[in-house]
Amino acid sequence: MNIHMRAFDHPDAVKLNDRVQLEYAERYGDEGDVTPLDATMFDPPRGRYLIAYDASDSPVATGGWRSQERNAEGYSDGDAELKRMYVIPEGRGHGLARRILAALEADARTAGRTRMVLETGDKQPEAIALYLSSGYEPCAKFGHYRTYESSRCFAKPLRDGASCPSGSVRAGARPATLGTEAGWRASTCREQTARFSSRGSLKIKSEKLSFRR
């Protein structure tokens, strides 16, 4: 399994984005994620977009991060926001999402970002389970869907001494049930360094360190 840097508007990225949007629409009964996104948001050094390819060079997973600073939508200075974390159904269950997540965290940390943040929803229990098990904690809502009851926001420090804003979890809030009750964890962020899995090689190929459009 190889992971390549790509542009957000690369044909393979567009193909996977179409698939994840269909899944969002099925789960939430709407038009999918309508958060405004532009390909330039993921250009280094203020972002990065990755696509994983299988042995036959078919795209099977994707994920990216973009820089955010304090604004009216609830972000904080130094934030790196995860977007379009997705693995096609045929590729799930092999730890690929966790490997992409670790690669994005490491890249954002190198770029000087201090906190990784993400927004998901209560109809994506698999995503919530992944983030909770990867050291993310619930935080104050932010972004396009911050006023939606179904929205679930999480954050994780990317460097020593960084922390999430206190009092960030709405009283009584809790995630979707994850088989056994996972619980809505305390609002104080737990620091955890992203680690690459020692099982299987993780190859990130830059193709001359540039995005292909």
Which ³J(HN,Hα) values in Hz, rounded to whole numbers, follow from the phi angles of region 14-21 under the Karplus curve 6.51 cos²θ - 1.76 cosθ + 1.60, where θ = phi - 60° and Gly and Pro get x? 4, 4, 6, 4, 4, 5, 5, 5
Sorted by chain and number, the residues with a modelled amide H under 5 Å from that of Asn2, at a separation of 5 or more or across chains, are Tyr53
How much net charge surrounds Arg70 when only other residues with a Cβ under 9 Å from its Cβ are counted (Lys, Arg +1; Asp, Glu -1)? -3
Points 7 angstrom from Cα along the Cβ direction at Asn2 and Ala129: gap in nanometres? 3.2
Between the alpha carbon centres of region 57-101 and region 105-130 the gap in Å comes to 6
Once you place label points 7 Å from the Cα toward the Cβ at Glu149 and Asp43, how far apart are they in nm? 4.2
Going by a ≥ b ≥ c, the root eigenvalues of the Cα gyration tensor, does region 15-71 fall in the rounded group (a/c under 1.5), the prolate group (a/b larger than b/c) or the oblate group? oblate
Could you run the Karplus curve 6.51 cos²θ - 1.76 cosθ + 1.60 with θ = phi - 60° over region 100-108 and give me ³J(HN,Hα) per residue in whole Hz, x for Gly and Pro? 5, 4, 4, 5, 5, 4, 5, 5, 5
Run the simple label-point estimate for Gln21 and Ser58 please: 7 Å along Cα→C-beta, distance reported in nm. 2.2
I'd like the Karplus ³J(HN,Hα) series for region 53-61: coefficients 6.51, -1.76, 1.60, θ = phi - 60°, whole numbers in Hz, and an x wherever there's a Gly or Pro. 10, 7, 5, 8, 6, 9, x, 10, 7
Whenever you get a sec, compute what percent of the accessible area on region 79-125 sits on carbon and sulfur atoms (1.4 Å probe). 49
Scan around Met85 for amide H atoms under 5 Å from its own, H built in the peptide plane at 1.01 Å from N, and keep only partners 5 or more places away or cross-chain. Gly64
Check which residues have an amide H placed less than 5 Å from Tyr75's amide H, if you skip close sequence neighbours. Gly143
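The values are calculated or read from the model by the stated rules, or taken from the named source; none is laboratory data. The structure presented is a predicted model; accordingly, all values stated were derived computationally and were not measured. Note that each Cβ is placed from the backbone with ideal geometry, even for glycine, and that neighbours are counted across all protein chains shown. In case anyone asks, the SASA skips ligands and DNA or RNA and just uses the protein heavy atoms, side chains included. Shrake-Rupley method; radii C 1.70, N 1.55, O 1.52, S 1.80 Å.
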